[in-house]
Amino acid sequence: MTGAARPSGPFRYGDRVQLTGPKGRMHTITLREGGELHTHHGVLKHEQLVGHPDGSVFENSSGHEYLALRPLLRDFVMSMPRGAAIVYPKDAAAIVAQADIFPGAVVVEAGVGSGALSLSLLRAVGSEGRLISFERRAEFAEVAQANVETFFGETPDTWQVVIGDLAEALPAAVEPGSVDRVVLDMLAPWEVMDAVADALTPGGVVICYVATATQLSRVAEYIRGTGAFTDPEANETLVRGWHVEGLAVRPDHRMVAHTAFLISARRLAPGVVPPEVKRRASKKSFSDEDVEIWTPGAVGDREITDKNLRKRIREAQKAAQGARLASGRAAEEDAPGGATAASEAPERDA
Ligand SMILES: C[S@@+](CC[C@H](N)C(=O)[O-])C[C@H]1O[C@@H](n2cnc3c(N)ncnc32)[C@H](O)[C@@H]1O
């Protein structure tokens with residue numbers, strides 16, 4: 001279902017549809033027999049849509065037009081009910097790519113929260129994979145289960161929700177070394193990292209989504225301290241929208257800048273000692289020229305040769321002389337009978 005179902009074809013009863021009406025106002029409805037969308041602009045009957053292709057336009061009782069489209073996963077996630085804060089689509093996409101979630105993978109996720117990330121993970125593991133989602137608060141899991149069922153139209157048989165703390169529930173739920181990927185979105189991922197290390201297969205990936213720099217630092221050091229993983233890699237994803245209309249092509253004025261950091265590492269084979277990590281770039285790793293190209297001005301206070309220094313002095317003195325001449329001329333111009341702008345012009349060009 002999660003891998004094969006195609007949300008396409010003519011609209012049917014039971015479909016979720018996103019309607020964009022007058023002034024761009026959006027309404028999400030589920031088509032049902034006898035259903036109607038009432039707004040102060042009039043009434044649109046659900047039956048008007050059934051049998052028509054996705055992307056059609058319909059008129060309501062007052063002649064107002066509505067564009068009807070099935071919501072994409074990202075549209076659904078942004079409008080679905082939330083128990084806990086969700087992983088935004090930009091980060092869900094980064095998680096799927098960076099953790100290399102593949103069709104057929106066995107993936108563990110915690111906590112499930114509102115189920116936003118679960119939707120992307122379920123799609124990525126497809127019909128041959130397995131997602132086991134852990135959540136310690138049963139009421140959040142209920143929200144997630146309802147959201148996943150609404151989106152897929154049923155509860156995928158590739159999905160299992162376990163109520164409990166991951167650190168305690170994981171060893172009972174999976175065989176040691178049997179999990180391909182672990183995705184953690186929780187306040188204290190370091191508290192569950194030992195259980196994660198036991199569950200992951202050698203070469204498997206753990207990825208954590210953490211909101212603050214202090215969490216990032218703590219989980220990084222914990223991962224290093226286990227000795228069971230490769231050195232962790234961290235990043236964040238910033239997405240800036242652009243306004244593109246005719247010649248008015250510019251970045252949007254506003255953007256969602258920081259959401260969270262991602263940090264990931266790979267499970268080493270049991271008993272393997274990780275090779276020592278080079279913490280500082282050696283002097284030979286990059287030249288001053290490289291630094292200057294990437295961060296202009298960063299090497300401004302490096303040692304300068306006498307020859308270069310004399311050249312800079314001459315340049316500075318020439319600039320000062322020009323400024324003195326300019327201010328002298330300005331004074332002459334201000335003085336009665338001073339030089340005219342026209343008489344100065346050839347010198348300015350010289
Ligand atoms: C921010 S929410 C997750 C949101 C979810 N990823 C989504 O996209 O909708 C964090 C969740 O982790 C759960 N949680 C925190 N620590 C946990 C643990 N040790 N085991 C299981 N769940 C945990 C919390 O109860 C909360 O629901």
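None of the figures in this text is laboratory data; all of them are computed from the coordinates on show. If you're wondering where the values come from, they're calculated on a predicted model, not measured in any experiment. Glycine also receives a Cβ, built like all others from the backbone with ideal geometry; neighbour counts cover every protein chain displayed.
A few points about this structure:
- Other residues lying with their Cβ under 14 Å from the Cβ of G241 contribute a combined charge of +3, Lys and Arg counting +1, Asp and Glu -1.
- Fully extending the segment from R70 to T201 would add 43.3 nm, taking 0.36 nm per residue of separation and subtracting the current Cα-Cα distance.
- Among the trypsin sites (Lys or Arg not before Pro) within region 206-241, those in coil by DSSP and having at most 13 neighbouring Cβ atoms inside 10 Å are R240.
- Among the trypsin sites (Lys or Arg not before Pro) within region 1-72, those in coil by DSSP and having at most 14 neighbouring Cβ atoms inside 10 Å are R12, R25, R32.
- Within-11-Å neighbourhood charge of D185 [Cβ basis; K, R +1; D, E -1]: -3
- Computed from the Cβ-Cβ distance with R0 of 51 Å, the FRET efficiency linking E33 to V272 stands at 0.25.
- Between H258 and E139, the modelled label-to-label distance comes to 3.0 nm, taking each label 7 Å out from Cα in the direction of the beta carbon.
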